[in-house]
Each structure stands twice: as structure tokens, then as C-alpha cells.
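Okay, structure first, notes after.
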Amino acid sequence: MKTWNCIIVDDEDVDRLMVVSFAKKFPQLNIIGAYSSADEALGMLEKNTVDILFLDIDMPGSNGVELRKKAMEVPVCIFITGHSEYAVESFELETLDFIVKPLRFERFEKAMQRVEQFLDFTTSYI
């Protein structure tokens, strides 16, 4: 089974831990970091190959949209946020999915189906 490196960025401890918990249910995900700020994550992105970003948008300092703009080389971005007003802007940044909080496992599972389809398709043509 192919595995994909992912990181999780959310300033809210409970939300970040929930995403980590859900992601651990998918053996194809290799969680290489969970961060409370975009700045922490950016430092890791400069040193590691990441396939999937799970990003909150509204965070102190740099937000998730700004982080995505700096990490466009990452093939998959999924925003998980309580701010639906960012949806249009996020899809201009090649976002694969946009999940509005509160996060439910069923919705995360649907996002993972999209991720698998997308990555399977893109890697089979490279």
C-alpha cells in the first residue's frame, strides 16, 4: 500500500487532535507533524516532502491560506475550518476539499476518498 506524508495545522488543540485521531484511522497516511501554527509548519515543509496538508484557516500570525500560498508544491490541500467565507478563495489555491467545522468522521472519510482518487490518478500518469 502506498503511503502519503501529511501534516496537520490547527491552532485549536481539540480540533488538531481530532484531525490526528481521524487521520490515524487511514493506514495510507503517514502523519509527519501536527502543528499549532503556520510558521511552525512552514519550517518543517522546507525540510520534508509532504503530499497532503490538512489546514485550519483562521490562526494567529500567518493563516492557513497564507501557508498554502507558500506551499503550492504540496499536491493536496484540505482546509478544515469554521469559516465558510474562505471557501472560494481556498479553491483558487488548488484546494482538493473544504470541510466546515465541526469535523465529523464521515465527512473526513469522504475527503479521504477524494484524496485517494486524486493521488492515484496523478501518480499513475507521472
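Numerical summary
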| item | result |
| --- | --- |
| Failed item in (1) without any contact (Cβ under 8 Å) to a residue 40 or more places away in the chain; (2) in a helix (DSSP H, G or I); (3) of a type in the set (D, E, K, R); (4) surrounded by 12 or more Cβ atoms within 10 Å (Cβ to Cβ), with residue 106 passing the rest | (4) |
| Odd one out for residue 35 among (1) among the aromatic types (Phe, Trp, Tyr); (2) touching a helix residue (DSSP H, G or I) at 6+ places or on another chain (Cβ under 7 Å); (3) open to solvent by 80 Å² or more (accessible area, probe 1.4 Å) | (3) |
| Members of segment 1-23 that are open to solvent by 50 Å² or more (accessible area, probe 1.4 Å) and either within 15 Å of residue 111 (Cβ to Cβ) or among the polar types (S, T, N, Q) (or both) | 3, 18, 21 |
| Residue within segment 77-91 that is small (Gly, Ala, Ser), within 22 Å of residue 2 (Cβ to Cβ), without any contact (Cβ under 8 Å) to a residue 60 or more places away in the chain and part of a loop (DSSP other than H, G, I, E, B) present | no |
| Any chance residue 56 is under 18 Å from residue 68 (Cα atoms) and open to solvent by 30 Å² or more (accessible area, probe 1.4 Å) | no |
| Candidates 65, 50, 20 - the one that is in a helix (DSSP H, G or I), of a type outside the set (Ser, Thr, Tyr) and out of contact with any Ser or Thr (no Cβ under 7 Å at 6 or more places or on another chain) | 20 |
| Restricting segment 109-126 to residues that are touching a residue at least 12 places away in the same chain (Cβ under 8 Å) and among the β-branched types (Val, Ile, Thr), the residue that is nearest to residue 13 (Cα to Cα) | 115 |
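The values are calculated or read from the model by the stated rules, or taken from the named source; none is laboratory data. The shown structure was predicted, so the numbers you read here are calculated from the model rather than taken from an experiment. No Cβ is skipped: glycine too gets one built from the backbone with ideal geometry, and neighbour counts run over all protein chains shown. Side chains included, ligands, DNA and RNA excluded: accessible areas come from the protein's heavy atoms. Shrake-Rupley method; radii C 1.70, N 1.55, O 1.52, S 1.80 Å.
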